[in-house]
Amino acid sequence: MSMNITYISIYKTSLPVLVSLLMEYLIGFTDTAYLGRVGETELAASAIAGTYYMIIYMIGFGFSIGAQILIAQYNGNQQYKETGKILSQGILFLLIIAAIVILLSSIISPIILKSIIDSESVLQAVLQYLDWRIYGFFFSFTIIMFRAFYIGIIHTSALMLNSITMVAINVILNYILIFGALGIPALGISGAAIASVISEAVAVIHFIIYTQKNVSSCKYGLKRRITIDCTILKKILSISIWMMLQHGLVFGSWFVFFITIEHFGERALAITNIVRNISSFLFLFVQAFASVVSSLVGNLIGENKSSSILYVCKKVIFLCYMTILPIMLLFLFFPSSVLRIYSDNTILVFEAIPTLKVMLTSYLIAVPTFVFFSAVSGIGHTVASLLIAFISLVVYIVYVETISHFSSSVPLLWTSEHIYFSCVFILSLYYIHHWWMNFINQDKKLITNVS
């Protein structure tokens, strides 16, 4: 069955992904908003702890992106049972990885963090958070495989209710566990970690029930006994390994950025954490459209319609701009109102405004950047996307370290986002153009040979 790639169909496919990501963002948002009212130390610690957690999370996320690319291609080629195999094998593999990560993290993380965090109070708060949060890998890794499956088969509506359920539980538990309620003592930053783990566990249960009720087990081969299939895992890893490295590098560079900021004091780190959360909100829109691009490109390749890839990219860029620009303008004209959501500290809010404005302008570049970058991944050229990310991150880190030697200005350091997005955009566009010219030349040769 051929895909429909009108503006309306793309938006309908992207909307459930966006809602799903928005709901998950609210988990980080409530953590930041609540902890910002506990204290600056907790707010600063949540920035480092959250970023450190995400570096490890990106191992699983990168694997799921590679799996999603294969699922999309098999779905486009109507090899439905293969998509089910990738889902089950992916979950099994990531559960094993989660167990290894939890064991290693509990031993290694304190050693690593002690060597790079200056503030003892921030260090202790980060360790308190991670003591509980690392157990969420069992559930978060399972969630991302279900998401890869549903985005890959273009059944994105499955993501909405799951995410809404997860966030609702997290918001309630966050309040109870952070501040103390219903006879439960106030746990502070540890309470935020526990709430996240419980909400993710519930989301996994919801996905299992939804899949049993709404997905044909026979069509997708989901009833078979799950055992390790090295052939399928090798196929997934041939694509995923590069995505795992890529996403690990991206968040590794973010960690370098946060550690650089941490050396300037808890106020600078608190500002960066708030602005990062607002940036994460905007990135949800870019990520939703970009992830759909990756899936659409995979399905088009499965249907032998590679000629439509650039056409889809242009449409998605237009839709993403139309969605994100009004929000950016709202944040630009009412910065204090937006920042006060995260903290009631008047001085902190005032000092964060310049950084917020710098961050907002970077999204003018980010929209086309991630659409084209996701197209590179969707084609299946994950080695190329890793190389693009690596080169861009080297430039990014050099820029951050250079600026930090001459200035402690947080807004100036945030211009590193412009540098990174620009590098990825130029390299992705160059690669897509090169790939497109090769595709056209191959078509011409095929027509000549047939003639």
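The values are calculated or read from the model by the stated rules, or taken from the named source; none is laboratory data. What you see is a predicted model; the values in this text were computed from it and never measured. Note: ideal-geometry Cβ built from the backbone for every residue, glycine included; neighbour counts use all protein chains shown.
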Self-check item: Selection within the stretch 397-416 - of a type outside the set (S, T, N, Q), in contact (Cβ under 8 Å) with a residue 60 or more places away in the chain and touching a helix residue (DSSP H, G or I) at 6+ places or on another chain (Cβ under 6 Å)
Solution: ILE397, VAL400, VAL410, LEU413, TRP414
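Return the only residue of GLY180, GLY152, GLY136, GLY191 being out of contact with any strand residue (DSSP E or B) (no Cβ under 8 Å at 6 or more places or on another chain), at positive phi and not β-branched (Val, Ile, Thr). Before the answer, list the steps.
On the way: GLY152 fails: at positive phi; GLY136 fails: at positive phi; GLY191 fails: at positive phi.
Exactly one of GLY180, GLY152, GLY136, GLY191 is out of contact with any strand residue (DSSP E or B) (no Cβ under 8 Å at 6 or more places or on another chain), at positive phi and not β-branched (Val, Ile, Thr), namely GLY180.
Of all residues in the stretch 335-357 being within 15 Å of LEU282 (Cβ to Cβ) and surrounded by fewer than 19 Cβ atoms within 10 Å (Cβ to Cβ), which is modelled with the highest pLDDT?
Among residues in the stretch 335-357 that are within 15 Å of LEU282 (Cβ to Cβ) and surrounded by fewer than 19 Cβ atoms within 10 Å (Cβ to Cβ), the one modelled with the highest pLDDT is LYS357.
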Quiz item: Got a sec? Which of GLN78, GLN89 is within 30 Å of LYS219 (Cβ to Cβ) and crowded, with 22+ Cβ neighbours inside 10 Å?
Solution: GLN89
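Pick out, from the stretch 100-190, the helices (runs of 4 or more DSSP H) lying fully within it that include 1 or more residues that are more than 30 Å from TYR74 (Cα to Cα), touching a helix residue (DSSP H, G or I) at 6+ places or on another chain (Cβ under 7 Å) and modelled with pLDDT under 80.
Details: elements: 120-133, 137-152, 158-175.
Those helices (runs of 4 or more DSSP H) span 120-133, 158-175.
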Quiz item: Does at least one position in the stretch 332-340 carry a residue that is outside any helix (DSSP H, G or I), touching a helix residue (DSSP H, G or I) at 6+ places or on another chain (Cβ under 8 Å) and among the charged types (D, E, K, R)?
Solution: yes
Quiz item: All but one of (1) in contact (Cβ under 8 Å) with a residue 24 or more places away in the chain; (2) surrounded by fewer than 20 Cβ atoms within 10 Å (Cβ to Cβ) hold for SER385; which doesn't?
Solution: (2)
Exercise. Enumerate the pairs (first residue in the stretch 423-445 and over 16 Å from SER374 (Cα atoms) and β-branched (Val, Ile, Thr); second residue anywhere and outside any helix (DSSP H, G or I) and at pLDDT 80 or above) with beta-carbon separation below 8 Å, excluding pairs fewer than 6 apart on the same chain, so at least 6 apart or on different chains.
Key: none
